[in-house]
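J.: Handing you a structure now.
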Amino acid sequence: MTDLLTLTIVRADYANPAHARDIVKMLRSYAMDPMGGGEDLSPQVQANLVPGLAASPAASSLLAYVGEEVAGLANLMTTFSSFAARPLVNIHDIVVAKNHRGTGIGRKLFAEIENHAQEMDACKVTLEVLEGNNAARKLYASLGYGDYQLDPAMGKALFWQKRLER
C-alpha cells in the first residue's frame, strides 16, 4: 500500500545521477507497459535520454518518490501557443509505477504539473492518451482534461505523426 504521507514530488535535476537513473527507470517501465508500446528502450535511447532532455531548454521532469522509491515520472515540454500568445505545457510522458497505481500519485503529479504551468503563466496543459487507456482517460477527465476542438462543427483535433528515418 502506498503511503502518500511519504510522497514527495521533485523537479528533476538532470545532472543528478540518482534523478537521471530514476528517469530512465520510470521511462523504461512506461515503454514496456502495453500503453507505452510494450518494448524496452534501446540501450542507445537509455544512454541518450537524460542528456537529450538536459540539452533541450523546453524540457523539464518531475519525479514522484514514496520514501526513497521512485514511483512516478512526468516529462514536460514547454512550448508556445500562438493563439494565446503565452506558454503552454505539454505532458510528453507520464507514468506511475505499477505497484503504486490507483493510490493518488497520478493526481499529485498533475497538481504539481498545473502549479508549474501556472508559475509560468501558461495558457493550458496538453497531453496525449491512447483511446484504449481507460484508466488514464478516467483520471484525466476527472481532472478536467478533454478533447480539443475549436469549432464543434469541424470535429475534434487529431494527433498525427510521421516517423522520420535516421
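J.: Run the numbers for E165 and D33: contour at 0.36 nm per residue of separation, minus the present Cα-Cα distance, in nm.
T.: 45.1 nm
J.: Once fully extended, how much extra length lies between Y148 and A18, figured as 0.36 nm per residue of separation less the alpha-carbon to alpha-carbon distance?
T.: My answer for the length gained is 43.1 nm.
J.: Nearest 20 debye, what's the magnitude of the dipole of the stretch 1-140 about its Cα centre given +1 on Lys and Arg Cβ and -1 on Asp and Glu Cβ?
T.: So the dipole magnitude of the stretch 1-140 works out to roughly 200 debye.
J.: Continuing with this model, one more query. Once phi is turned into ³J(HN,Hα) by the Karplus curve 6.51 cos²θ - 1.76 cosθ + 1.60 with θ = phi - 60°, what whole-Hz value does each residue of the stretch 59-72 show in order, with x for glycine and proline?
T.: Coupling constants for the stretch 59-72: 8, 8, 9, 10, 10, 9, 10, 10, x, 9, 8, 5, 10, x Hz.
J.: How much mean residue ellipticity at 222 nm does the chain get from its helices, if each DSSP H run of length 4 or more adds -39500 (n - 2.57) and you divide by all residues, to the nearest 500 deg cm²/dmol?
T.: Taking each H run of at least 4 residues, the total per residue is -10000 deg cm²/dmol.
J.: How many angstrom separate the Cα center of the stretch 29-49 from the Cα center of the stretch 143-165?
T.: 25 Å
J.: Stokes-Einstein diffusion coefficient for the chain at 4 °C in a medium of 1.567 mPa s, Rh from the Kirkwood formula over Cα pairs: what value in µm²/s?
T.: Rounded to a whole number, D works out at 76 µm²/s.
J.: Something else about it: Starting from the Cα of K25, draw a straight line to each of the lysines and keep only those under 28 Å, dropping any in the same chain fewer than 8 residues away.
T.: K98, K108, K138, K162
J.: Ok, one more. What does the charge count around L27 come to, taking other residues whose C-beta lies under 13 Å from its C-beta (Lys +1, Arg +1, Asp -1, Glu -1)?
T.: Summing Lys and Arg as +1 and Asp and Glu as -1 gives -2.
J.: Scan the chain and hand back the longest stretch that contains none of the GluC sites (Glu not before Pro) lying in DSSP loops with at most 16 other Cβ atoms within 10 Å.
T.: The longest such stretch corresponds to 69-127.
J.: On a 0 to 90° scale, report how tilted helix 17-32 is relative to the longest principal axis of the chain, with both axes built from alpha carbons and the result rounded to the nearest 10.
T.: The helix 17-32 is inclined about 60 degrees to the chain.
Values in this text are rule-based calculations from the coordinates and carry no lab data. Values in this document were obtained by computation on a predicted structure and should not be read as measured data. Every residue, glycine as well, gets a Cβ built from its backbone with ideal geometry; the counts of neighbours run over all protein chains shown.
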